[in-house]
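Quick note: the coordinates plus some simple rules give every number you see, no bench work behind them. Computed from a prediction, not measured in an experiment: that's the story for all the values here. Cβ placement follows ideal geometry from the backbone for every residue including glycine, while neighbour counts extend to all protein chains displayed.
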Amino acid sequence: MTSSGLAPGEPQRIVMTVTGPVSTEDLGIVLVHEHIFLDMRQSYRVHHPDAQYGPPKIHMLGEWRRDHSKFPDFMVLDEVDLAISEISGFAEYGGKTIVDATPIGARPPSRQLYPAGLRTVSVEAGVNVIAGCGFYIQASHPEYVRTSSTRMLAERILSEIEDGIDGTGIRPGVIGEIGLSQPVEDDEWKVLDAACEAQKQTGLPLYIHPYFGARGRIAPDVAKFVLRKGVDPRKINMCHMDGYMNLDYQRRVADLGVFIAFDNFGLENYYDSIDFSYNSHDSQRHEHLLKLLALGYRDQILVSQDTCYKTQLTRYGGHGYAHILRNIVPGLRHAGVDDTTLECILVKNPRRLLGL
Ligand SMILES: [Zn+2]
């Protein structure tokens, strides 16, 4: 890849990381949507009748790929030393920045992990880490969300952005990911509205998590809602657009001027029991990415891996945080994607999204 310095005339801007402000020039290769520490068990309170608990064992992996809901403890990332070693793997392949887009509802309960642990990981692994804020899907909302007004929720989000997460002084650099179910719950619209308000006041990028899969198809309507609220389309990251592999769907969102993220690279699960049509695999992501590039969407595409299961970590048999750099980029090069385009997707698009 060519140098990642700023282009002539490109303004140097600032991004808030967990260790303080960093120039966009120093972001380098960015994973725009990951989780270093999280606990998603709150979002899936109704556990599988045959649920198995505990960390991943090799004999569980086949079943996990067919139905991840059977293994709730895989949805927890809470080991600092492991995180440092896994993130170091990303740095070894040239990665420099990770956005941990983990909002309230998906964070682990311990402040020692979120956000304090993020700072430890950032320093020890030598990678910029950017924290998230806001609220995940309704199933994980704290009780006060239901009883709060949009304005009160906006103020909560703004206070994290201005004063830091839980009074630690560690400030988020993105709003989100804001969680939406299918259909979108009333409280989720309220949270999204509040997040729009916080976006307009701070300029921070707004990450939106629409429901995965063909059953959802809500991303175009959600993007229109956010645009009507006056959010700058260039500050919107519509996440998980590789969750429903339909070119028309992806284009309808991109044509609104927002970023579209193929941020589940490496996740190749099946969801037979809940939504058979969501079977996105890397070969499909690769194919659709090439189509979108050929159609001229280069400047709106983001890629990441949305690490949120233990089984995505190398320790537990996954590809790790270096998956895109190690495995996907060579494949794209082989398909004829040039360095300028790769630099755009991995460096310049994230820089434009994240910079203030
Ligand atoms: Zn998400």
When every residue in segment 220-248 that is within 16 Å of the ligand (Cβ to nearest atom), touching a residue at least 40 places away in the same chain (Cβ under 8 Å) and outside any loop (DSSP other than H, G, I, E, B) is compared, the one nearest to the chain's Cα centre (by Cα) is 237
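Okay, residues lined up against (1) farther than 21 Å from residue 211 by Cβ; (2) hydrophobic (A, V, I, L, M, F, W, C); (3) touching a helix residue (DSSP H, G or I) at 6+ places or on another chain (Cβ under 7 Å):
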residue	(1), (2), (3)
48	no, no, yes
55	yes, no, yes
59	yes, no, no
63	yes, no, yes
75	no, yes, yes
97	yes, no, no
111	yes, no, yes
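Answer yes if at least one residue in segment 253-261 is in contact (Cβ under 8 Å) with a residue 24 or more places away in the chain, in a helix (DSSP H, G or I) and of a type outside the set (Asp, Glu), and no otherwise.
Yes, there is a match, as at least one residue in segment 253-261 is in contact (Cβ under 8 Å) with a residue 24 or more places away in the chain, in a helix (DSSP H, G or I) and of a type outside the set (Asp, Glu).
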